[in-house]
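The structure appears below as structure tokens.
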Amino acid sequence: CFLFLTKRKRLDGEPPLENGWLPFIGVALQFQRNPLEFLTSRKRRYGDAFTCRIAGKYFTFILDPFSYNAVIRQGKNLNFQKFAIAASLKVFGHADFSDPKYNISYEEIHPIFRQTLQGAALQPLTLSMMKNLQFVMQKSKAYDWTTEGVYSFAFKIMFEAGYLTLFGRNEYLLAEDNAEEAQEAWMTRIMDDFKVLDNAFPHIVAGVPIFLLWKVKAAREDLAGKFLHEYLKKNTNLSELIEKRINIFDRIKNLDEVNKARTHVAMLWASQANTLPATFWSLFYMLRSPEALREARKEVEQLLQDTNQSTETQVCFTKDHLDNMTVLGSIIDEALRLSSASIMIRVANENFILTLDSREEIKIRKGDCIALYPQMIHLDPEIYEDAKEFKYNRFLDENGQRKTCFLKNGRKFKSFLLPFGAGISECPGRFFAVNEIKQFLALILCHYDLELQNMDIPPLDNSRAGFGILQPKYDVQFRYKLKRKNREK
Ligand code: HEM
């Protein structure tokens with residue numbers, strides 16, 4: 001406790017240090033209120049590398065984009081799992097696999113993500129998502145103009161379709177007399193529980209114990225109850241990801257059923273928490289910009305024509321078709337650029353010296369965190385002209401292909417867009433995530449008429465800064481209806 005109250009002194013060779021005037025908390029409150037503003041002001045004061053005390057820990061921020069690689073490549077001295085696993089344990093309460101009693105390591109579980117979410121595995125996932133999205137869209141029977149919030153609309157469709165794609169369909173409910181209502185009630189309960197847990201996520205990570213938030217804990221346990229292996233194994237169309245995770249967890253001795261189920265709650269959160277707001281921003285910006293909407297429609301109509309498909313029946317776009325939808329890709333990238341606020345954190349295993357791009361060497365102490373905050377890059381006017389504006393074609397080159405050349409100070413660099421993190425901790429679901437959002441946008445254009453009713457851009461809700469894609473502070477109304485031809489089917 002005494003250690004928390006003392007202020008540390010900067011040693012020779014260390015970056016500038018700000019302890020903050022509040023013992024233990026340091027600069028946490030200023031950082032949390034508006035990380036971008038905080039970091040911009042400290043950059044002016046200290047330059048591109050400095051250390052701050054945040055909630056009892058020391059974070060060295062590296063702001064120069066050309067030095068990102070120096071951090072991302074430091075596998076030996078920097079550990080990314082320590083921080084992420086500590087957060088996951090607090091929120092989801094699952095077993096800690098670094099405990100020797102489980103006789104397994106994260107290194108054995110982790111490769112499943114890549115095996116089942118990338119490469120060839122992406123094709124069946126994409127096809128399954130295609131069917132599920134259209135199933136959810138059509139069952140709403142919204143044939144007359146309906147007014148709703150864009151977030152609420154995107155949430156309902158993406159959550160259910162994403163859930164069905166990973167966790168499959170609950171067959172025993174289909175056997176009931178009122179199968180449709182039973183399914184509906186089941187899904188509504190899962191969505192409500194997810195929202196309760198997701199809303200509390202930043203508070204729990206910040207240190208509020210979940211047992212004090214009894215409604216949140218109840219929601220988490222309710223979700224875990226649905227993911228018990230005895231139920232999950234009866235679902236049809238389980239994804240390979242969940243099947244493999246069930247198998248590996250079943251092989252672990254000393255791992256009880258509730259702990260297995262809680263790991264699936266963590267997976268549900270990872271697969272939805274960022275995808276949902278990213279889908280909102282992509283749809284909102286596409287509807288708000290007449291050029292974006294026109295060009296996106298053109299791209300979808302052209303693909304329908306090229307593949308000889310009509311929207312009167314179910315549409316099917318494969319992974320390769322989606323890869324070629326560069327306008328939708330650029331709309332999504334631009335929406336991610338404007339709404340992403342994730343932080344990349346690595347913990348120093350040892351005292352070591354970090355060499356920045358400028359050749360400057362800074363000393364890092366064992367146990368300190370190094371933090372990268374890509375929103376500083378995403379909104380940098382030297383990299384992106386009119387950085388705060390949405391430009392649907394910002395990520396398209398002159399040939400209509402994905403643009404990959406961005407400059408700062410006349411120098412080309414790679415890490416111009418990092419909503420999915422980078423290096424060892426880069427999101428393994430990133431290809432699936434972009435595909436899902438593309439599918440959603442393309443299918444919305446195929447099956448709905450829609451009109452935005454308010455053109456004001458809602459502000460970003462900074463309370464989730466550091467955790468990924470920010471939500472809007474409030475929802476935006478729009479109206480929509482399923483196209484008439486679908487009604488006649
Ligand atoms: C981790 C972003 C969608 C699965 C992450 C991280 C970020 C991220 C920033 C942490 C990286 C770090 O610590 O440096 C996003 C965004 C998404 C998205 C912006 C949507 C737009 C998905 C989807 C899935 C997924 C759809 C799975 C189906 C995961 C998993 C991890 C992760 C399993 C943890 C990986 C690990 O422990 O190494 N994601 N993600 N994500 N994401 Fe995503």
(Q) Greater than 21 Å separation of Cα atoms is the criterion. Which listed pairs, Lys131/Lys473; Lys90/Lys363; Lys76/Lys260; Lys131/Lys260; Lys139/Lys483; Lys319/Lys412, meet it? (A) Lys131/Lys473; Lys90/Lys363; Lys76/Lys260; Lys131/Lys260; Lys319/Lys412
Q: Taking 7 Å along the Cα-to-C-beta vector as the label spot, tell me the Ser105-Val208 distance in nanometres, rounded to one decimal.
A: 3.7
Q. By how many degrees, between 0 and 90 and to the nearest 10, does the Cα long axis of helix 257-272 differ from the longest principal axis of the chain?
A. 80
Q | Principal-axis tilt of helix 122-139 within the chain, Cα atoms, nearest 10 degrees | A | 60
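Kindly report the accessible area of the range 105-179 per residue (heavy atoms of protein chains, probe 1.4 Å, no ligands, DNA or RNA), in Å².
Working: 3150 Å² over 75 residues.
In whole numbers, the range 105-179 has 42 Å² accessible per residue.
If you count, for each residue, the other Cβ atoms within 10 Å and average over each peptide, how do 264-270, 212-218 line up from highest to lowest? Could you put the intermediate results ahead of the total?
On the way: 264-270: 20.7, 212-218: 14.4.
My ranking of the peptides, most packed first, is 264-270, 212-218.
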Q: Give the angle, between 0 and 90 degrees and rounded to the nearest 10, that separates the Cα long axis of helix 430-447 from the longest principal axis of the Cα atoms of the chain.
A: 30
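Between Trp145 and Asn454, take the C-beta separation as r, use R0 = 22 Å, and let me know the FRET efficiency to the nearest 0.05.
Taking R0 as 22 Å, the efficiency between Trp145 and Asn454 is 0.90.
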**Q.** Apportionment of accessible area to carbon and sulfur, the chain, percent (1.4 Å)
**A.** 51
Q.
If I model a spin label as a point 7 Å beyond the Cα along the Cα-Cβ vector, how far apart are those points for Glu426 and Thr311 in nm?
A. 3.5
Q. For a paramagnetic label modelled at 7 Å from the Cα of Arg411 toward its Cβ, which residues of the range 47-81 fall within the zone defined by backbone nitrogen distances under 15 Å?
A. 48-49, 63-71
Q: Could you work out, for the chain, what percent of all Cα-Cα pairs fall into each 10 Å distance bin, beginning at 0 Å and stopping at the bin that holds the largest distance?
A: 4, 18, 29, 27, 16, 6, 1, 0
Q) Which value results for Rg/Rh of the range 243-311 when Rg is the Cα radius of gyration and Rh the Kirkwood radius based on the inverse mean 1/r? A) 1.30
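The values are calculated or read from the model by the stated rules, or taken from the named source; none is laboratory data. None of these values were measured; they are calculated from a predicted model. Quick reminder, even Gly has a Cβ in these numbers, built from the backbone with ideal geometry, and neighbours come from all protein chains shown. Each accessible area value is taken on the protein alone, full model and side chains, heavy atoms only, with ligands, DNA and RNA left out. Shrake-Rupley method; radii C 1.70, N 1.55, O 1.52, S 1.80 Å.
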